[in-house]
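This report refers to the structure that appears directly beneath it.
The values are calculated or read from the model by the stated rules, or taken from the named source; none is laboratory data. Given the structure is predicted, the values throughout are model-derived calculations rather than measurements. Cβ placement follows ideal geometry from the backbone for every residue including glycine, while neighbour counts extend to all protein chains displayed. When the accessible area is computed, the model is the full protein with side chains, heavy atoms only, and any ligands, DNA or RNA have been set aside. Shrake-Rupley method; radii C 1.70, N 1.55, O 1.52, S 1.80 Å.
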Amino acid sequence: MIPASGPYRLTGARVPAAMAEGLGHADAQGFVTCDLTVADGRIGGTGGPEIPIRGAIVLPGLVDCHTHLDKGHIWARKPNPDGTFMGALTSVAEDRGARWTAGDVRARIEFSLRSAYARGTVAIRTHLDSGDHRTASSWEMASDAREAWAGRITLQMAALTTLEAVESDAYRETADLVARHGGVLGAVTYPLLDNSERLRTFFRLAVERGLDVDFHADETLDPASQTLGQIADAVIETGYEGRVLCGHCCSLSTMAEAEADRILDRVAEAGLSIVSLPMCNLYLQDRVPGRTPRYRGITLVHEMRARGIPVSFASDNTRDPFYAYGDMDMLEVWREATRIAHLDHPVGDWPAAFASAPAQALGLEAGVIAEGRPADLIIVPGARSWTELLSRPHADRIVIRGGRAIDTTLPAYAELDPLMETP
């Protein structure tokens, strides 16, 4: 269908208006119907054969701004015993201590990147567990993968450790390591009495090294956990000017509305970006044996968007003790997030939350189809409307990178079998 060389023209494409720039006016359903010329790896130009796609939806390459590739695909050898958050923490810690060699981490990262590439993802940020003797090795492996995948997937890395460690020499060494690898400084925040002081230290370390920052914030249903507001306060008080991305923020869904409103107003003032991880939070939150879950952990994405707070959605964990499922497929994330968070009726500009919004949060130019932009596209044959797009997995999608169709064959799980054997 897609020529192996030379320009060509996709006729009758339907592009979500929230993912298009300068392609025409949106119809009542939120699509721009247009012809897309591809030449020299970019959108635009002239000449070449016409390829009628008859109203099929065309998407830009999608962006996955919160993942954990170092944990990915360990489920077969270290499952979560009860599906709880504590079960996940314990299982990952045990597996990391026993099995995370350089070769093991690199092989699992590679498997995830191959999967994401075949699905049409163009950029990923992964958190890397940091702060112990395995940190340097994990960062070396991720940096090697970043170089190997350059031009196919833009890979960013963020350090993952607790804010409690921020005053230690070990954390400063981690910050230095992050800077050497061109990474992002990260932390998990819990409701501690001295968080304000710790956050000031954290931002000072980031400023000294010229680093953007990324937080796991309030991944709990406890309404007393309000560290997102503390992060916003610290950004305002310190005048930090780098990019700040905060993930999860589940406790907003259970606290009093007035308190949540106060925190969200502060988040908007601080200019924070938020990423919701609906599939993983659905899996972990409010899990009690023998009891149906009441709360599902989705953060207040609609209230955030109403305040102009940039909101994204991402994969989070993949087939590890924090989430037993997932396949590095942002179209799956989009489909499930739409159902979980009611990103419909109207759809509006929510599609940007899977493309341009996470790209901007990562400081990248991606996630938009426009004249002159790279021809990194996903054609979804047969899907002409939102319900057709979001009702099926679309294993028949056509992924185009630099104007050429790629092989979308997914790696077989059997390739991971040697990593699952008892050492």
*Can you tell me which residues in region 79-125 are in contact with a strand residue (DSSP E or B) (Cβ under 8 Å, 6 or more places away or on another chain), over 26 Å from residue 366 (Cβ atoms) and of a type in the set (D, E, K, R)?*
96
_Just to confirm my filter: which strands (runs of 3 or more DSSP E) fall fully inside region 304-423 and include at least 2 residues that are touching a residue at least 60 places away in the same chain (Cβ under 8 Å)?_
377-380, 398-401
*For residues that are of a type outside the set (Phe, Trp, Tyr) and part of a helix (DSSP H, G or I), scanning just region 110-130, find the one that is surrounded by the most Cβ atoms within 10 Å (Cβ to Cβ).*
112
*Cross-chain or 6+ apart pairs with Cβ under 6 Å, region 182-206 first and surrounded by fewer than 18 Cβ atoms within 10 Å (Cβ to Cβ), then of a type in the set (Phe, Trp, Tyr)*: none
*Specify which of the listed residues (292, 299) is more than 18 Å from residue 243 (Cα to Cα), surrounded by fewer than 24 Cβ atoms within 10 Å (Cβ to Cβ) and of a type in the set (Val, Ile, Thr).*
292
*Are any residues in region 392-423 more than 26 Å from residue 5 (Cα to Cα) and open to solvent by 70 Å² or more (accessible area, probe 1.4 Å), and if so, which ones?*
392, 393, 413, 415, 417, 418, 421, 422, 423
*Across region 357-385, what is the total count of residues that are modelled with pLDDT of 95 or more and within 20 Å of residue 10 (Cβ to Cβ)?*
19
*Would you point out which residue out of 384, 401, 335 is basic (Lys, Arg) and more than 23 Å from residue 27 (Cα to Cα)?*
401
*Can you run down the residue pairs with Cβ atoms below 7 Å, 6 or more apart or on separate chains, where the first is in region 26-53 and under 19 Å from residue 405 (Cβ atoms) and polar (S, T, N, Q) and the partner is modelled with pLDDT under 95 and open to solvent by less than 70 Å² (accessible area, probe 1.4 Å)?*
37/45
*Within the bounds of region 349-362, is there any residue that is surrounded by fewer than 22 Cβ atoms within 10 Å (Cβ to Cβ), among the small types (Gly, Ala, Ser) and out of contact with any helix residue (DSSP H, G or I) (no Cβ under 7 Å at 6 or more places or on another chain)?*
no
_Top-ranked residue of region 268-288 - restricted to ones that are hydrophobic (A, V, I, L, M, F, W, C) and not in a helix (DSSP H, G or I), ranked as surrounded by the fewest Cβ atoms within 10 Å (Cβ to Cβ)_ = 288
*What's the number of the condition residue 133 fails, among (1) open to solvent by 40 Å² or more (accessible area, probe 1.4 Å); (2) part of a helix (DSSP H, G or I)?*
(2)
_Among the residues of region 212-229, are any acidic (Asp, Glu) and open to solvent by less than 20 Å² (accessible area, probe 1.4 Å)?_
yes
*Options 104, 95, 82, 64: the member that is under 24 Å from residue 394 (Cα atoms) and either open to solvent by 10 Å² or more (accessible area, probe 1.4 Å) or of a type in the set (Asp, Glu) (or both)*: 64
*Search result, residues across region 173-194 that are more than 26 Å from the chain's Cα centre (by Cα) and of a type outside the set (A, V, I, L, M, F, W, C)*: 173, 194
